[in-house]
Structure formats: structure tokens, C-alpha cells
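This report refers to the structure that appears directly beneath it.
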Amino acid sequence: MSQSTSGPAIGAGAAAALRDGRRPGQGPVPGAASIAVAATPTRDHDAENFPTASLLLARPVRARVMAFYRFVRTADDIADSAALPAAEKLARLDAMERALDDPATPMPEARRLHDLGVGMAEARAMLSAFRQDATQTRYADWAALEDYCRRSADPVGRMLLRLHGDAANEAANAAADGLCTALQVLNHLQDLVPDRDALDRIYLPVAWMALAGGEAAFFDPANAARRRPVLDAALDRVEEALDRAAALPRLLASTRLAFQSTVTIGLARRLLARLRKADPVRGRVALGRADFARAFAAGWTNGPGDAALVAARVGRAGSSFARGMAALKGDRRRALWAVYAFCRAVDDIADGAMPEAEKRRFLDDWRRKLGAPDCALSRELAIARAAHGVPLEECEAMIAGMETDAADRLRLPDEAALDLYCRQVAGSVGAMSVRIFGAPDAHQFGLALGHTFQLTNILRDVDEDALRERVYVPRTLLAAEGIPDGPAREVVAHPRFATICAGLAEQAREGFARAEREIGQYDAKALLPARVMMWGYHRLFQRLLARGWAGVRARPRLTPAEKLRMAVMALGWRA
């Protein structure tokens, strides 16, 4: 897919009627005599970050795309001009829209659209976005940014689909919207500094930058440690949009457009990966010729399928307990990967550096995805649920637990609340997993084991969680030890906090012992992944006991030898 980008361009390829200071059919444009718009566009279609009217498209279609591109490029350059005042920009953009109503317009860019019968509705939508660019320099939240992308980028994809006979293909249109939005946000993140310097325009929401200390702090090159989590949270939203776009090449009737879509998605994923590793505030992050060559070489593949994308997510997560998943083969492994990736995705939302209201909106969007899958991960999760009888309620329970984590300040009132939280975020995983393992009769075993694992996680992460202002130890237990509520770091540093940790550790110890007694009641082969993960978690728990709960609480980790042992166990060997 292609799109018009809003970069830090100065000047514009304006229509002749605008160049000589006249609106089509009207008198002089105020100020146009002294503030002219350049006769040459600031960039051509070949200079865009992603393919626009490439030679991949059929010649008749390419002519129509080029006509549309010239019109919106002109409008975009007007909106991005640093020389024109806002009122002048709006006047010129209004003149361009009036030209869309006049088949006899002298404006060549608009006249070409009339002659070819292309892009009128899409051009109007994009003009509304360019008008916004002329007057709005900041965005309050992600929803406002998405609304801008719906008008500044998504119409391009829909026009291309219409030109190729897929206008009525709702799935393709939704996928194209995901791709165009992703491309637009990637361009905004690339151009954070030049957009701000040249146009005083920032597309990353103000509330997100506030988490890095505010706009000035966010753009401070030395503030990378606080900026990186915010950038990563934004890139997570881009990845979700690209996952919605993943099926696009396979939904299209045109082989040529499918090829271009595959190339564009591949380039977007490459740029996403680059932005995850580099800092666009410290220097522009861009693709090179090798990236384009590799993307074009893979163009005929239609891109990776949903299962491959989810497997790649699991691989990037680098979890030690992926070795438990390795005990499964074929469809069962694919299903467990989908469950794991889903849990990781909603956990990343809850832990992401974004405002609480945004987290809750994105988590609620996952509830919708459970009923109407629209991306690679949600489709894979739906397949896993259908194939192995994974209850919808367990997925919803996980989301509910993540809503607890999404709070800016987390405190649990009592032990019942702690038990509920463990049930939601870990019991749900156990209940889903035992069904995928092939042991649905082990439902209660899965719930109990998940509870034990989560207690271990809480004990392991008390200091890390405190940095996020999270305390999972219930207030009733804190009060019983005389620990007042206050800043999380003060709570977990209280001398009596270790006593509570010891009590929770005893619950976890009993949980591990009970799991060891009960696992033999079930199919040993089916529950091999559970045994592998039990072994790894128990090793971590033993290290926690040896380390103790007072003073410096170093986070225990598995050694390479222990990870290797888990891998061997996954092949069927007993520890």
C-alpha cells in the first residue's frame, strides 16, 4: 500500500492557479503575491519511505494513482509549509476542495482527478486532515492520533483497493486501514525531531510524553532511559496495526497489488525493528537499499502467515519457560504459542508506558478481538480456542487481571483480592494450558499451579513492581504488621515486610508440594510441559528462599545449564 506522508517539508508543488496567487475562478489569494508556493513538490513518489505508484502496478492503474498522489502531495506540502501562515494554508486547501467540485477547474492536479474519475472521496478526507495540520500541533491521546490517521492515510489504501476491484471487500479494507495507519505512525516517529523543529508539530500524544517528564524532557537527547519505554509502547501499537494488516496480500484479487502490499508490510516491519533498537530523537532512523532489496525479494510470498508471526513473537519474548512449550508438537504447540503471545500482548499493554485510560481502552479492544478476530494473534487465538475447547471466560479473566495491573497505583485490599488476581492472571493460563496439553480433566490442577506460579512471581518482583507503584501484598497483611500505606518503595522497604513475604512463601511452598503430589494423577505425557515449567519455577523459588526477604533482594534467574536441562526435559527426560 502507499500513502502520503506529513513530513517537515517546506514549500509545495501547488497548482498553477495557486502559484499565480488565484483561487480557481476567484480573485487573488491574500498574501500569495509575497508568499508563493514552490513550483516543484518537496518530494516525488520515488522519494517516499514506502512504495507509492510503483512499477508493480498496472499502467492504467498507475496513472490514476499518480494523479491522486500529485493532488494530495500538493495539499500536504501546503499544510507542511513553514512559510505560509495558517490562514493562508486553509484558504489554499479550501480552494483545492472547491476544485474537486468543478470538472472544468483550471487546477491541473484536480482536473486530472476529474478526467480519470479517481479519488474524489478519498481526496476530500485527506484535505480534512491537512486542514487539521494547518492549525493543530499537538494530540491529546492515541484516539485523536488514530482519527487523524483515518483521514490522512487510510483513504490511500481504500482508493487502491477500489481501483483494483476490492472496494466491497470489508476484510481487505480493514487490513488496509491497519497498514496505512501503521505507516503513518512510523513516519511520525521517524520525524519527531524535524516535525517539531520545522513545524512545531508533534504527533506523539502529550499525555504519553508526560510519562517521560513532559515534552522538553522527552526531546532531551540525554533522557533516553525515560523516553525509550514511551517509544516502545507506541511501537507496540504500530505492531498491532501491522498484525491487522498481515492478511492483506492474501485477501486481494490483484496479484500486482498483493505483491506491493507484501513489500510494503515487509518494509514497515523492518522499520519497526529499527526503531525498537535506535532512538529517533538522537538521529533519524531510516531504511537502506538492502532493506528494500530484501523486501522486494520476498514480495511473491504474500508475507508470513499468522502462525509464523505469532511464533516470531514468542521467540522475541525470550522466556525461559518457552522450553515448556517446546515439549509440545504440531497444532498443540501452535495453540500454546497463541495463548502465550496473547497473555504477553495484554501484559505489555498493562505494563506499557502510556496513560491508564489508554491501557484500559486497548485492553477493552482485546475483548472485542476475542469475539471478532481482526489480527494475526487474535485469529491464532481463536483457532486455538476452537481446536482445544479453551473457554472464552479464561481469556476474559486474563484481560480483567491486566486491568488490575493497568492502575497507576495498585493496592489490593485483602487476601480475597489477591486470590482473585492470581486466579485471573495465572489460573487462567493454567486452565487454558491443560486443555491444550490434552488433559482437560486437570482443570483444578492448572488453576492451583497457576496460583503457585503467580505467588512466586510476586515474591520475585516486589522491588521491580514497587517502581511501578504496585504492591500486591494485601493491605490487611500490611496493616497486621503495622506497615502504613504510602509510596510503594517505602512499603516494601519496611523491616516487617520480610515477615509477610515469608508467609506468602510458605503458601507457595505448600503449592509446589501439592502440585508434585497431584500431577501423577493425570496423563504424564500430556502434562510434560507443566512438569518442565514446574521444575523451572521451583528452582527460582528455591533461590528466593535461599536469598531471603530482607535487605537487597537480587532477582534470581535460571542458569544456562538449568535452561538446557529444561530443554532436555521437554524431550521426555525426567529431572
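The values are calculated or read from the model by the stated rules, or taken from the named source; none is laboratory data. Here the structure is a predicted model, which is why all the values come from computation and not from measurement. Here the Cβ positions follow ideal geometry from the backbone for every residue, glycine too, while neighbour counts run over all protein chains shown.
On the basis of being in the same structural domain as LEU242 (by TED's automatic domain parsing), of a type in the set (Lys, Arg) and within 26 Å of LEU287 (Cβ to Cβ), does ARG162 make the cut? For ARG162, the condition - in the same structural domain as LEU242 (by TED's automatic domain parsing), of a type in the set (Lys, Arg) and within 26 Å of LEU287 (Cβ to Cβ) - is not met.
Looking at ALA217, ALA295, ALA268, which is the one that is buried (at least 21 other Cβ atoms within 10 Å of the Cβ) and free of Cβ contacts under 8 Å to residues at least 40 places away in the same chain? I'd like the intermediate steps shown before the answer.
Numbers: ALA217 fails: buried (at least 21 other Cβ atoms within 10 Å of the Cβ); ALA268 fails: free of Cβ contacts under 8 Å to residues at least 40 places away in the same chain.
From the options ALA217, ALA295, ALA268, the qualifying one is ALA295.
Restricting ARG332, ARG316 to residues that are basic (Lys, Arg), over 28 Å from ASN173 (Cα atoms), surrounded by fewer than 18 Cβ atoms within 10 Å (Cβ to Cβ) and assigned by TED's automatic domain parsing to the domain that holds ALA406 narrows the list to ARG316. Scanning the stretch 255-312 for residues that are β-branched (Val, Ile, Thr) and touching a Gly at 6+ places or on another chain (Cβ under 6 Å) turns up THR262, VAL263, ILE265. Scanning for something in contact (Cβ under 8 Å) with a residue 24 or more places away in the chain, of a type in the set (Asp, Glu) and either assigned by TED's automatic domain parsing to the domain that holds ALA442 or over 17 Å from ASP461 (Cβ atoms) (or both), does the stretch 490-503 turn up at least one residue? No.
Taking the criterion of being farther than 29 Å from ASP351 by Cα, in contact with a Leu (Cβ under 9 Å, 6 or more places away or on another chain) and of a type in the set (Gly, Ala, Ser), the residues of the stretch 169-214 that qualify are ALA171, ALA172. In the stretch 154-166, the residues that are more than 15 Å from LEU179 (Cβ to Cβ) form Cβ pairs under 6 Å with partners that are among the hydrophobic types (A, V, I, L, M, F, W, C), at six or more places apart or across chains, as follows: LEU163/VAL61; GLY165/ALA253.
Scanning the stretch 350-405 for residues that are surrounded by 21 or more Cβ atoms within 10 Å (Cβ to Cβ) and touching a strand residue (DSSP E or B) at 6+ places or on another chain (Cβ under 9 Å) yields one hit, ASP405. Exactly one residue out of ALA515, ALA550 is in contact (Cβ under 8 Å) with a residue 12 or more places away in the chain and over 27 Å from GLU464 (Cα atoms), and it is ALA515. Listed by first and then second residue, the pairs linking a residue in the stretch 226-255 that is outside the structural domain of GLY266 (by TED's automatic domain parsing) and under 16 Å from LYS277 (Cα atoms) to a residue that is crowded, with 24+ Cβ neighbours inside 10 Å and of a type in the set (Ser, Thr, Tyr), with Cβ atoms under 9 Å apart and 6 or more places separating them unless they lie on different chains, form an empty list.
All of (1) under 19 Å from VAL390 (Cα atoms); (2) without any contact (Cβ under 8 Å) to a residue 24 or more places away in the chain hold for LEU420 with one exception: (1). Given the criterion surrounded by fewer than 19 Cβ atoms within 10 Å (Cβ to Cβ), over 33 Å from the mean Cα position of the chain (by Cα) and outside any loop (DSSP other than H, G, I, E, B), identify the matching residue among ARG565, ARG543. Matching residue, one of ARG565, ARG543: ARG543.
Hand me the list of helices (runs of 4 or more DSSP H) wholly inside the stretch 326-395 holding 3 or more residues that are more than 28 Å from TRP142 (Cβ to Cβ), aliphatic (A, V, I, L, M) and touching a residue at least 40 places away in the same chain (Cβ under 8 Å).
Per the criteria, 376-388.
For first residues located in the stretch 465-478 and touching a residue at least 60 places away in the same chain (Cβ under 8 Å), partners that are of a type in the set (Gly, Ala, Ser) and lie 6+ apart or on another chain with Cβ distances below 7 Å form the pairs GLU469/ALA488; ARG470/ALA488; VAL471/ALA488; PRO474/ALA417.
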